[in-house]
Amino acid sequence: MAIALTFPGQGSQTPGMGKSLAENFAVARRVFEEVDDALGQHLSQVIWEGPADELSLTVNTQPALMAVSLAVVRVLESESDLDVAEDVAFVAGHSLGEYSALAAAGALTLADTARLLRVRGEAMQQAVPVGEGAMAALLGLEFKEASAIAQEAAQQDVCAAANDNGPGQVVVSGHVAAVNRAIAIAQARGAKRAILLPVSAPFHCPLMQPAAERMRAALASVSMADPLVPVFANVLAAPISSPADIRDALVAQVTGTVRWRESVTAMAQEGVDAFIELGAGKVLTGLAKRIAPTARGLSVGAPDDIAGFLSILALAR
């Protein structure tokens, strides 16, 4: 059995996530303490106590989700002797989760990852004035059709396919008027649902170019090691390992499509038959079951989930 570790992105956050890990494992507590120190903020209190609207601020959500994911990684390393280099074929993360994946694979330090995600959250929020951008989920349409709808809806505005999440689940992003046109076109063409998403900015589209430039500078300022295992880049749907390629992919990711369906498909074709989601929620586990239905899927975010991971790890070894 070959394992891929996957890491969730924005939308999976919920107050209280990771708290049981911190209460039960010192290695998890140290992750949250290190993130707090790196940011000069008691982010752990926001993560565990809320309020939800403060946790959902992009500048908090991004490092918060990473902290929970890395706390899970450290607990599994402690409790199951997980060795990422030996036990894992690939790592991958959805949008900001790609940073979690890189930290888990040793390419970035925990502190640098937290600071990069704080910059990323600020830059993405500030790239487009509030109210000018939007995102919408087009459900029941495949990526090629949804992408064509986005192109048709753009007219003189920006509208692009932002997330290819899974079969029949595509997100478009851009100017409000263009996204609303995309919703209307999708509904006319038989989409099961076409709905605006409760997001604060139009992520993963060309409107994010100012944020991409800020991330280029931020990424150039941190040291990066070769990851212990290849990371599947969102924008390439392919594994990369060199720090130069990783930096380029992370910059391109800010404005580019998250090619998650293709990434999971490619990992399965490379022999991965167990997708383990580490962190908050079960979104990626559900998507993996739809994209690669013969593979095992498991989400690990609390102490009770460790036993299931141990059984899969034993099979992999």
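The values are calculated or read from the model by the stated rules, or taken from the named source; none is laboratory data. Keep in mind that what you see is a predicted model, and the values were worked out from it rather than measured. In this analysis, Cβ positions are derived from the backbone assuming ideal geometry, glycine residues included, and neighbour counts consider all displayed protein chains. Heavy atoms of the whole protein, side chains included, go into the accessibility calculation; ligands, DNA and RNA do not. Shrake-Rupley method; radii C 1.70, N 1.55, O 1.52, S 1.80 Å.
Points to keep in mind about this one:
- In the stretch 141-166, the residues that are closer than 17 Å to L236 by Cα and polar (S, T, N, Q) form no Cβ pair under 7 Å with any partner that is at pLDDT below 95 and part of a strand (DSSP E or B), whether six or more places apart or across chains.
- Filter result for the condition that a residue is in contact with a strand residue (DSSP E or B) (Cβ under 6 Å, 6 or more places away or on another chain) and in contact (Cβ under 8 Å) with a residue 24 or more places away in the chain, over S200, S263: S263
- Number of positions in the stretch 274-311 that are open to solvent by 10 Å² or more (accessible area, probe 1.4 Å), part of a helix (DSSP H, G or I), farther than 28 Å from A160 by Cα and of a type in the set (A, V, I, L, M, F, W, C): 3
- Counted residues, the stretch 40-58 - those being surrounded by fewer than 19 Cβ atoms within 10 Å (Cβ to Cβ) and under 18 Å from L116 (Cβ atoms): 3
- Residues being of a type in the set (V, I, T), under 20 Å from T285 (Cβ atoms) and open to solvent by 10 Å² or more (accessible area, probe 1.4 Å) - total across the stretch 69-124: 1
- Condition check for M215: under 17 Å from F90 (Cα atoms) and part of a helix (DSSP H, G or I): no
- Subset of the stretch 247-273 that is under 21 Å from P206 (Cβ atoms) and among the basic types (K, R) - its residue that is surrounded by the fewest Cβ atoms within 10 Å (Cβ to Cβ): R247
- Of everything in the stretch 173-204 that is among the charged types (D, E, K, R) and assigned to a loop (DSSP other than H, G, I, E, B), the residue that is most open to solvent (accessible area, probe 1.4 Å) is K192.
- From D157, D81, D164, D112, residue being among the charged types (D, E, K, R), out of contact with any Asp or Glu (no Cβ under 6 Å at 6 or more places or on another chain) and in a strand (DSSP E or B): D164
- Matching residues, the stretch 21-60, being in contact with a Gly (Cβ under 9 Å, 6 or more places away or on another chain) and either assigned to a helix (DSSP H, G or I) or β-branched (V, I, T) (or both): L21, A28, V31, F32, S44, I47, W48, E49, T58, V59, N60
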